[in-house]
Amino acid sequence: MSLEKMLATYEFEQWLYKEAELLDHIDFDGWFSLMHPSLIYQMPVRVNKEGTERPDYAEDMFSFNDDIDLLSLRVERLKTDYAWAEIPPSRTRRYVSNVKLADYVPNEKASVNSYLLIYRSRSTDIHHDLISGERRDEFLYEDGVWKLSKRVFIVDQTTLNTRNLAIFV
């Protein structure tokens with residue numbers, strides 16, 4: 001691996017850690033500022049297939065399939081009294097690992113894969129959620145900063161054992 005790719009990998013690791021911190025601290029405006037206007041934000045439905053057939057997720061069915069406008073509405077709604085699923089807000093902790101730079105053109109675009117584990121607890125509930133999966137991210141370089149232009153979150157579970165998906169991955 002070249003020094004340039006090592007430094008770029010470190011830069012994207014730090015970007016992903018900062019994103020996790022913003023979300024865990026419920027700074028949705030700060031998080032949203034990391035998004036590119038052309039954003040596509042998806043979570044395909046996981047499916048069971050025979051043997052090792054791949055992909056083992058739907059390519060045309062999603063738990064969410066948002067663009068920047070829909071994501072903006074979700075963020076704004078969380079700041080109102082109408083986001084009942086998140087009153088009071090979930091306590092989350094995001095663990096980002098296995099960050100790999102898949103494609104990189106300096107100061108232009110990049111593709112980054114990573115693993116994500118989310119721990120979520122709710123109010124006084126003794127139960128908690130664990131959501132894990134792989135993120136396939138694409139970034140565009142704009143005005144001197146990297147912006148997320150596409151995220152596909154491939155959840156590990158076929159059936160999610162969570163009450164809702166009112167959090168961001």
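Per-structure values
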quantity	calculated
Residue within the stretch 119-134 that is within 30 Å of Leu3 (Cβ to Cβ) and under 13 Å from the mean Cα position of the chain (by Cα) present	yes
Tabulated pairs, the stretch 155-166, first open to solvent by less than 60 Å² (accessible area, probe 1.4 Å), second among the hydroxyl-bearing types (Ser, Thr, Tyr), C-beta under 8 angstrom, 6+ apart or interchain	Val155/Ser63; Val155/Ser132; Gln157/Ser132; Leu160/Ser63; Leu165/Ser63; Ala166/Ser90
Residue in the stretch 87-95 that is over 16 Å from Asp137 (Cβ atoms), open to solvent by 80 Å² or more (accessible area, probe 1.4 Å), of a type in the set (D, E, K, R) and in contact with a Phe, Trp or Tyr (Cβ under 7 Å, 6 or more places away or on another chain) present	yes
Selection within the stretch 1-18 - touching a residue at least 60 places away in the same chain (Cβ under 8 Å) and either touching a helix residue (DSSP H, G or I) at 6+ places or on another chain (Cβ under 7 Å) or of a type in the set (Lys, Arg) (or both)	Lys5
Residue within the stretch 132-151 that is open to solvent by less than 10 Å² (accessible area, probe 1.4 Å), closer than 23 Å to Asp56 by Cα and among the hydrophobic types (A, V, I, L, M, F, W, C) present	no
Total residues in the stretch 108-165, condition not in a strand (DSSP E or B) and not β-branched (Val, Ile, Thr)	14
Cβ pairs under 6 Å, 6+ apart, first in the stretch 128-148 and under 14 Å from Thr162 (Cα atoms), second surrounded by 15 or more Cβ atoms within 10 Å (Cβ to Cβ) and not aromatic (Phe, Trp, Tyr)	Asp129/Arg120; Asp129/Thr162; Ile131/Ile118
Close pairs (6 angstrom Cβ cut-off, 6 or more residues apart or separate chains): in contact (Cβ under 8 Å) with a residue 24 or more places away in the chain and open to solvent by 60 Å² or more (accessible area, probe 1.4 Å) in the stretch 19-47, of a type in the set (Lys, Arg) and part of a strand (DSSP E or B) anywhere	Ile40/Lys150
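The values are calculated or read from the model by the stated rules, or taken from the named source; none is laboratory data. All figures in this text were calculated on a predicted structure; none of them were measured in a lab. Neighbour counts are summed over all protein chains in view; Cβ atoms, including those assigned to glycine, are modelled from backbone coordinates with ideal geometry. Accessible surface areas use protein heavy atoms only, side chains included; no ligands, DNA or RNA. Shrake-Rupley method; radii C 1.70, N 1.55, O 1.52, S 1.80 Å.
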